1. Could you say whether any residue in the range 75-87 is of a type in the set (D, E, K, R), within 17 Å of the chain's Cα centre (by Cα) and within 19 Å of W164 (Cβ to Cβ)?
2. Does S106 qualify as being small (G, A, S) and either at pLDDT below 95 or on the phi > 0 side of the Ramachandran plot (or both)?
3. Got at least one residue in the range 104-115 being within 30 Å of G167 (Cα to Cα) and of a type in the set (V, I, T)?
4. If the requirement is being out of contact with any strand residue (DSSP E or B) (no Cβ under 9 Å at 6 or more places or on another chain) and over 17 Å from Y24 (Cβ atoms), which of these qualifies: E44, E61?
5. Sort out which residues of the range 160-175 are β-branched (V, I, T) and touching a residue at least 60 places away in the same chain (Cβ under 8 Å), and write them in order of number.
6. Among the residues of the range 27-73, write down those that are farther than 22 Å from N103 by Cβ, buried (at least 19 other Cβ atoms within 10 Å of the Cβ) and among the charged types (D, E, K, R).
7. Any residue at all in the range 79-89 that is touching a Leu at 6+ places or on another chain (Cβ under 9 Å), closer than 17 Å to P30 by Cα and either at pLDDT 80 or above or part of a strand (DSSP E or B) (or both)?
8. Out of all the residues in the range 172-211, which are within 16 Å of the chain's Cα centre (by Cα) and either polar (S, T, N, Q) or more than 23 Å from G29 (Cβ to Cβ) (or both)?
Amino acid sequence: MRFVYVSALIACTWLSVRAQSTAYVFQFGPTIGLQKWDNSFEREPLFKYHGALSIESVDNEEDKNSLFMQIGYHIKGSANRFRYYNINSGAPAGTFTEEFRFNNLSLVLGAKQKRPFGASGNARFYYGGGLRVDYTLSTNIDNLSNNNPSLVLFYPSVGFMNRWMAGFTVTTGIEFKLSELIGGELKLSIQPDVTLQYNQPAIGNVIDPFTPGNIITISERRIRNAAVELGVGLRLLRKVEYVDE
């Protein structure tokens, strides 16, 4: 956590020194969490949310490119969805969703390229990306087995979870002005991780809880996150102008 705080402070200081002006963007929106589980069954998307604060350099004259730092809260993971049917009629009888949630704090440092969008001149299309570091604040995976010894063997355990992950962010969207110092933003971002959220080696010589006397091996588990996010943002511009005297 100290690394995140120090990195954010350095980034903020550097952006404010470099830029003529600075934009502060408050963003929130839905998150689609995706996970790849090696040696396991397929997972379905997890539908959650995120919130973030971005600090961005602004060139008063051309505003064709910028540097940004973003820190935010993101719920990532995956889900299993079980569908029940009436035995007699075959009609749907309900659903149950089992969520694998990782509540992550993310820090992104990156750059954006901007182009005019629309005839009014008040909007810009942008694309860009950056490097990202995630830290897991909490998770629900230790609660999924409900303390049942028979199920603990087959569910992830916090002891094999990695708190720190690294990845990158690719983003695109539209910025638009509402007034001279206030604007809005629509953003789409893709956030794949390079490192693993969970890394458990194979565990051998385990007593089979369903067939006493049998010895089994629990397969290796490797979980890697990815997320797709749609964000709506409020842009506040801190404009700096230099006047010759």
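1. Checked against the condition, which is being of a type in the set (D, E, K, R), within 17 Å of the chain's Cα centre (by Cα) and within 19 Å of W164 (Cβ to Cβ), the range 75-87 yields at least one hit.
2. So S106 fails the test.
3. The answer is yes; a qualifying residue exists.
4. E61
5. Within the range 160-175, T169, T171 meet the criteria.
6. Once the filter is applied, which keeps residues that are farther than 22 Å from N103 by Cβ, buried (at least 19 other Cβ atoms within 10 Å of the Cβ) and among the charged types (D, E, K, R), the range 27-73 yields only E56.
7. yes
8. Passing the criteria: T172, S189, Q191, V194, T195, L196, Q197, Y198.
The values are calculated or read from the model by the stated rules, or taken from the named source; none is laboratory data. Just so it is clear, the model here is predicted, and its values are computed rather than measured. Here Cβ is always computed from backbone atoms with ideal geometry, including for glycine, and neighbour counts include all displayed protein chains.
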